[in-house]
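Only the coordinates and a few stated rules stand behind these numbers; no lab work does. The model shown is predicted, which means the values in this text are computed figures rather than measured ones. Because the Cβ atoms are built from the backbone with ideal geometry, glycine has one as well, and the counts that use them run over all protein chains shown.
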Protein chains: 2
Amino acid sequence: MYRTHTCGELNISKLNETVSLAGWVQRVRNLGGMTFIDLRDRYGITQLAFNEEWDHALIEDARKLGREFVISITGKVIERSSKNANMSTGEIEIQVEKLEVLNVAKTPPFTIEDETDGGEELRMKYRYLDLRRNPVRENLLLRNRVNLEVRNYLSKLGFVDVETPFLIKSTPEGARDFVVPSRMNEGQFYALPQSPQTFKQLLMVGGIDKYFQIVKCFRDEDLRADRQPEFTQIDCEMSFVEREDILSTFEGLTKHLIKEITGNEVGEIPRMSYDEAMKKYGSDKPDIRFAMEFVELNETVKGQDFKVFDDAELVVGINGEGLAKYSRKQIDALINYVKRPQVGATGLVYCKYNEDGTLKSSVDKFYGPEQLEKWATAFGAKPGDLMLILAGPADKTRKALNDLRLHIAEEEGLRDPKVFAPLWVLDFPLLEWDEDTQRWYAMHHPFTAPYPKDLPLLETDPAAVRANAYDLVLNGNEIGGGSIRIHNKELQNKMFKFLGFSDEEAKAQFGFLMDAFEYGAPPHGGIAFGFDRLTAILGGKETIRDFIAFPKNNAGRDLMIDAPAALDQSQLAELSLDIRIAEKN
Amino acid sequence: MYRTHTCGELNISKLNETVSLAGWVQRVRNLGGMTFIDLRDRYGITQLAFNEEWDHALIEDARKLGREFVISITGKVIERSSKNANMSTGEIEIQVEKLEVLNVAKTPPFTIEDETDGGEELRMKYRYLDLRRNPVRENLLLRNRVNLEVRNYLSKLGFVDVETPFLIKSTPEGARDFVVPSRMNEGQFYALPQSPQTFKQLLMVGGIDKYFQIVKCFRDEDLRADRQPEFTQIDCEMSFVEREDILSTFEGLTKHLIKEITGNEVGEIPRMSYDEAMKKYGSDKPDIRFAMEFVELNETVKGQDFKVFDDAELVVGINGEGLAKYSRKQIDALINYVKRPQVGATGLVYCKYNEDGTLKSSVDKFYGPEQLEKWATAFGAKPGDLMLILAGPADKTRKALNDLRLHIAEEEGLRDPKVFAPLWVLDFPLLEWDEDTQRWYAMHHPFTAPYPKDLPLLETDPAAVRANAYDLVLNGNEIGGGSIRIHNKELQNKMFKFLGFSDEEAKAQFGFLMDAFEYGAPPHGGIAFGFDRLTAILGGKETIRDFIAFPKNNAGRDLMIDAPAALDQSQLAELSLDIRIAEKN
């Protein structure tokens, strides 16, 4: 037996007990005739004490230990002379009687401390060392807790975890699939699922009623920052439900998780239509931890010969509470920020509501005090506030103002990771027009049910058809989304046609689902949560990579195992495959 | 709202309440002026009653409903005139007041009943209909319960669920990998994991200490009956443990699962060495629900001029208790059984211990009563028993006798699926010699630790080196297996060399693991359970396919979605791939 206790559990109540511990050497300190070692495992750190007078040979051995050596010791729990109140084990130390080196260690390429000197690449290559650091380990433990909470919560409600297959069929719709050549079925391929969407719908047709799964999904996309080719989804589906049933079920789950994991109580989750979200925040995933709602100013500002405003489709602004104190330099920085190509505004108009009640704008030439008073009224601004205004084409301007709003909130510390503000966004458009391919695409996916009463608009005004869909937004991130599904074969056929599928294509790709709909499909709907993102946000972070044990880099590579890699020619031959890079380049 | 209750929960306590139910029409019966419908959902069946006198239009609608139509009804809970004690809802029925057809259904291609008329292929193609049948649904619900029990049990012990990656690197060792071409890394491939073996070991190096995961694994093997290309494993690993720690931890889990899922209490799980298992049962996964242990007879039977026995390396038999009653025909059937090519014996000698105390063998020419008495003593046979004896090369004969033992047990009903007899098999050989490739292979995998004291034998007698490995056998099926791992770089290197890896190959394939071993790897070991098989056995069955929601057939095809399938040429081009079936054929 290597240990009787972990390095996190001993305290003054165990005084004089003989114990064994095992772990990694965090630090060796020699102080006069004594040596102290911090021994670390997953559960904590315990101080080991060696004294020349107790055992000379033993302290010699202890002094030879290097960082990250793996040792097992036996000794007596004694009271520390200088206690450390910051550690649960800080009142005791172990008077070591026996020391065994279980493994030696080279000096690690970066320090195994909460703050490390290792860069991202190095930490990824030696991820197994990075995992020893408290913050990384804590992230994985948090993920584990969220996982278990989700399971137990949903299980109590009667949801059944059903595993859906990973080797499925490629569908050209949507993002690119990862594919898997089949050796037994020459020249044919499986695809890895982008989500278990069709399978969970088939489970509903199969009467499973309430399904969930925490499951890996795969998308072969060009990776943006903080996207992973494999990611995890909490996937759920219910039968005999309307939208309200789904919203209330998963509102319960969301509140439960926030409570259990972070200790925060959130009240009823507010709801907002997609149109309202775009109008008020310029985003379908607004961060509502803070206000700064958009104020539309067309009525207020036009007709004063200021061409920028007069010519603009939309003049819209936000009121920065208490920001009138911003210096010229700070305001210039905001102007530069909005002019960045990623943000895309041409300029920024501002108006300070000074503490003395006077108003001072960057367009005083065009707007006198009386006009500016009207602005202040429109914004609901008070002395000390700073009004910030953009103008231009509506969509683009809203997007830029959303960026500015989030930027200011970030700078002002309003995006507090310890505050949790979930929001339902509802009534998304069913369809999106794509200029490149000159066709309509499903905004969510082709199985999303339209609002029944919007259905006639499909012929006349497709853009106006709303989907019976919903997103759950948490702190400005979409953490979940779903919809009531089409469960009627005629409507599903109609939708495929509208999306440009020929009968043949629809049959080849989704024939099994349309067949299934002929045998008594119940009304159903569901939702899927991005588990990586949800966990990161509950952990007070926004980078999912830190919450994944073995993540890939932005080129889709695993730097630790050096994958992907070339295959043996014999493996390719077995799969009836040739590589032809030369021809492609 | 489609329903206020499910079809499984209403009973006499709800009398006179107005309720809504939704589900599938199982059956429509017209009896005089009444119509009765069995309405089915996942939770049960509730009888709906319609009466011409209550509502004429409504009963007309009800009579038009076909099997598997999806309906929602509202009505009053009333007492049944003829009660059905076999159903929880058998005392009541619903006096229907409102009926809505939610979806129509074509006549299903097979009956949705416990016993169906649908063949395997048809049921796979319409799996979503098969899932509506009670036995199939019950299997999935059982699987879900086992999953949750495992998680909660291990979580309470401090095991952490960590997700390991699916897109990893191909290793030529062992079974064939499924591979995934990378578009972003041209000409390179990921592989799908056959198990998270190396990753869980890296988690131990990373200090995670106690890991588990219920995870899909993939093997591109030619499929034998009841193998699946994708299967699920309960994968576990622990640090700072010796074999005993692992055995006791997972003995606890096994007993807990058998108790919770089947209600059976099993005592301490017996242990047996591999050598003993082979000697006593001719199998490394003996079914110990019944005795019929092998009795070796070389000493007893040789030297009586019966050439078959005299020339044989091994003469070995089993005693069939109470089987002396077997007729000549039954015994001939056993003789034919052992002569089948799959069993491979050349003949079967038997000896009846008649109820009157006389002994009658098939080789009376060679063995007189006194000799046969010796046989009976060796077997511990009693009047009424039947001794069955095979002779030939040791390994082959043991294998054949194992087949015979299981065959007789099957016929005699000794393999009771409601009885659970787990067994640890220990001390496996570390290595297996392969005649074809003229090299040694790791019997488990190259990371398995040898018994330290057997290590010197690696040079002199590799076949005698025992592995620190263990299998958990349940009712004659290997349901789990694992080992203490090598955690020392030198030993791991030595093992790779012994297995014929060049330094380069070892580095290319497992360099990251050997690197990791240089930075302080703790002693560790683990186990993995076949989740599909475990669930099937706990469910009293041996066919894993019935416990998988969407299984593949023996050609690795999903008959429902018709996968795998050909890819578009454009998809292949993006992946820099060509198919060349012609050249291969």
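In terms of Cα to Cα distance under 16 Å, which aspartates and glutamates are near enough to residue B:106, apart from those fewer than 8 places away along the same chain?
Those aspartates and glutamates meeting the cut-off are A:490, A:515, A:518, B:68, B:130.
Step through the residues of segment A:520-528 one at a time and calculate ³J(HN,Hα) from phi using the Karplus curve (6.51 cos²θ - 1.76 cosθ + 1.60, θ = phi - 60°), rounding each to whole Hz and writing x for Gly and Pro.
x, 7, x, x, 7, x, x, 7, 9
If Lys and Arg each add +1 and Asp and Glu each add -1, what is the summed charge of the other residues whose beta carbon sits under 12 Å from the beta carbon of residue B:77? The partial results should precede the final answer.
Values: positive: B:14, B:76, B:80; negative: B:9, B:17, B:79, B:91, B:93, B:97.
So the environment of residue B:77 carries a net charge of -3.
What are the distances, in nm and sorted shortest first, from the label point of residue A:244 to the label points of the same position in each other copy, with each label point placed 7 Å from Cα along the Cα-to-Cβ direction?
The answer, with the shortest distance listed first, is 6.3 nm.
For segment A:290-414, what is the convex hull volume of its Cα atoms per residue in Å³? Let's see the in-between values first.
Details: hull volume 11.8 nm³, N = 125.
For segment A:290-414, the hull spanned by Cα atoms encloses 94 Å³ per residue.
For segment B:538-553, what does the Karplus curve 6.51 cos²θ - 1.76 cosθ + 1.60, with θ = phi - 60°, yield as ³J(HN,Hα) per residue in whole Hz, taken in order and with x for Gly and Pro?
4, x, x, 10, 10, 8, 5, 4, 6, 10, 10, 4, 10, x, 9, 7
Note the distances from residue A:16 to each other copy's matching label point, with points 7 Å along the Cα-to-beta-carbon direction, in nm, sorted shortest first.
Relative to the other copies, residue A:16 has label-point distances of 7.3 nm.
Relative to the longest principal axis of the C-alpha atoms of chain A, give the angle of the C-alpha long axis of helix A:369-379, reported between 0 and 90° and rounded to the nearest 10°.
It works out to around 60 degrees.
Using alpha carbons only, how many degrees (0 to 90, rounded to 10) separate the axis of helix A:328-339 from the longest principal axis of chain A?
Approximately 70 degrees, to the nearest 10.
How high is the relative contact order of chain A, in percent, counting Cα pairs under 8 Å that sit 6 or more residues apart? Provide the component values of the computation, followed by the final result.
Working: 1086 pairs, mean separation 76.3, N = 585.
After rounding, I find 13 percent.
In terms of Cα to Cα distance under 19 Å, which aspartates and glutamates are near enough to residue B:360, apart from those fewer than 8 places away along the same chain?
Leaving aside aspartates and glutamates fewer than 8 places away in the same chain, those within reach of residue B:360 are B:305, B:321, B:332, B:370, B:373, B:385.
What's the average, rounded to a whole number, of partner chain beta-carbon atoms within 10 Å of each residue's beta-carbon in A:123-131? Write out the running numbers ahead of the final one.
Working: counts 0, 0, 2, 6, 7, 17, 7, 1, 8.
Mean shielding count: 5.
Is chain B rounded, prolate or oblate when judged by the Cα gyration tensor, a ≥ b ≥ c being the square roots of its eigenvalues, rounded requiring a/c under 1.5 and prolate requiring a/b larger than b/c? Before the final figure, lay out the partial values.
Working: a/c = 2.12, a/b = 1.32, b/c = 1.61.
Taking the square roots of the gyration eigenvalues as a ≥ b ≥ c, chain B is oblate.
Projected onto the charge dipole of chain A (+1 at Lys/Arg Cβ, -1 at Asp/Glu Cβ, origin at the Cα centre), which of A:419, A:110, A:327 gives the Cα projection farthest towards the positive end?
After comparing all options, I get A:110.
With runs of 4+ DSSP H residues as the only contributors, calculate the mean residue ellipticity of chain A at 222 nm using -39,500 (n - 2.57) per run, divided by the residue total and rounded to the nearest 500. All intermediate terms of the calculation are to be shown ahead of the outcome.
On the way: 18 runs with 170 residues, N = 585.
It comes out at -8500 deg cm²/dmol, rounded to the nearest 500.
By DSSP, what percent of the beta bridges with both residues in chain B are antiparallel, rounded to the nearest 5? Could you put the intermediate results ahead of the total?
On the way: 92 of 99 bridges.
Rounded to the nearest five, the antiparallel share is 95 percent.
What does the charge add up to near residue B:308, with Lys and Arg as +1, Asp and Glu as -1, over the other residues with Cβ less than 13 Å from its Cβ? Walk me through the numbers on the way to the answer.
On the way: positive: B:302, B:307, B:365; negative: B:305, B:310, B:311, B:313.
Counting the neighbours of residue B:308, the net charge comes to -1.
Counting Lys +1, Arg +1, Asp -1, Glu -1, what net charge surrounds residue A:285 among other residues with beta carbon under 12 Å of its beta carbon? Spell out each step's value before the answer.
On the way: positive: A:533; negative: A:284, A:287, A:471, A:478.
It works out to a net charge of -3.
Please give, to one decimal in nm, the separation of the simple spin-label points placed at residue B:342 and residue A:9, each 7 Å out from Cα toward the Cβ.
Each label point lies 7 Å from its Cα, and together they span 5.0 nm.
Longer than 20 Å from Cα to Cα, which of B:210/B:507; B:125/B:552; A:418/A:541; B:329/B:374; A:76/A:98; A:494/B:64 are they? Say none if no pair is. Numbers along the way, then the final one.
Numbers: B:210/B:507 27 Å; B:125/B:552 10 Å; A:418/A:541 10 Å; B:329/B:374 27 Å; A:76/A:98 10 Å; A:494/B:64 27 Å.
With Cα atoms farther than 20 Å apart: B:210/B:507; B:329/B:374; A:494/B:64.
How many angstrom lie between the Cα centre of segment B:132-211 and the Cα centre of segment A:1-20?
About 34 Å separates the Cα centre of segment B:132-211 from the one of segment A:1-20.
I need to check one value: relative contact order of segment B:391-489, counting alpha carbon pairs closer than 8 Å and at least 6 residues apart, in percent.
Working: 123 pairs, mean separation 26.5, N = 99.
The value is 27 percent.
Between rounded, prolate and oblate, where does the protein assembly as shown land on the alpha carbon gyration tensor, with a ≥ b ≥ c its root eigenvalues, rounded for a/c under 1.5, else prolate if a/b exceeds b/c? It would help to have the intermediate numbers written out before the result.
Numbers: a/c = 2.03, a/b = 1.33, b/c = 1.53.
Oblate, because a/c is 1.5 or more while a/b does not exceed b/c.
When a/c reaches 1.5 or more, the comparison of a/b and b/c decides; with that in mind, is segment A:12-103 rounded, prolate or oblate per its Cα gyration tensor? Could the numbers behind the result be given before it?
Details: a/c = 1.41, a/b = 1.17, b/c = 1.20.
Rounded, since a/c falls under 1.5.
Could you pull out every residue, at least 5 positions away or on a different chain, whose amide H is within less than 5 Å of the one on residue B:191? Hs are placed 1.01 Å off N in the peptide plane, and Pro or chain starts have none.
So residue B:191 has HN proximity to B:168, B:169, B:170, B:180.
Starting with the highest mean, order A:81-88, A:277-284 by the number of other Cβ atoms within 10 Å, averaged over the residues of each peptide. Intermediate results must be reported in sequence, preceding the final value.
Numbers: A:81-88: 10.5, A:277-284: 21.0.
Per-residue mean Cβ counts within 10 Å order the peptides as A:277-284, A:81-88.
Determine which chain A residue has its Cβ at minimum distance from the rotation axis mapping A onto B, giving the value in whole Å.
Nearest-to-axis residue on chain A, with distance in whole Å, is A:578, 2.
Let me check against my output: what whole-number percent is the relative contact order of segment B:290-414, with C-alpha pairs under 8 Å and at least 6 apart? Working shown, then result.
Values: 203 pairs, mean separation 44.1, N = 125.
Across segment B:290-414, relative contact order equals 35 percent.
About its Cα centre, what dipole magnitude does the protein assembly as shown give when the only charges are +1 on Lys and Arg Cβ and -1 on Asp and Glu Cβ, stated in debye to the nearest 20?
Details: 148 positive and 188 negative charges, 124 e Å.
The calculation lands at about 600 debye.
Between residue A:122 and residue A:332, what length in nm is gained on full extension when 0.36 nm per residue of separation is reduced by their alpha carbon distance?
Working: separation 210, 0.36 × 210 = 75.60 nm, distance 3.78 nm.
Separation in residues times 0.36 nm, less the Cα-Cα distance, equals 71.8 nm.
Which whole-Hz couplings ³J(HN,Hα) result when phi for each residue of segment A:418-430 is put into the Karplus expression 6.51 cos²θ - 1.76 cosθ + 1.60, θ = phi - 60°, listed in order with x for Gly and Pro?
Rounded to whole hertz, the list is 8, 9, 10, 10, x, 7, 8, 10, 10, 6, 5, x, 6.
Two-decimal Rg/Rh of segment B:217-323 from alpha-carbon positions, Kirkwood Rh?
Working: Rg = 20.4 Å, Rh = 18.5 Å.
Result: Rg/Rh = 1.10.
What fraction, in whole percent, of alpha-carbon pairs in segment A:1-57 exceed 13 Å separation? It would help to have the intermediate numbers written out before the result.
On the way: 1014 of 1596 pairs.
Everything past 13 Å amounts to 64 percent.
Report, in degrees rounded to the nearest 10, the 0 to 90 angle that the Cα long axis of helix B:243-257 makes with the longest principal axis of chain B.
Relative to chain B, helix B:243-257 is tipped by roughly 30 degrees.
Check residue B:161: other-chain or 5+ apart residues with amide H under 5 Å from its amide H, H built from backbone geometry?
Here B:212 satisfy the definition.
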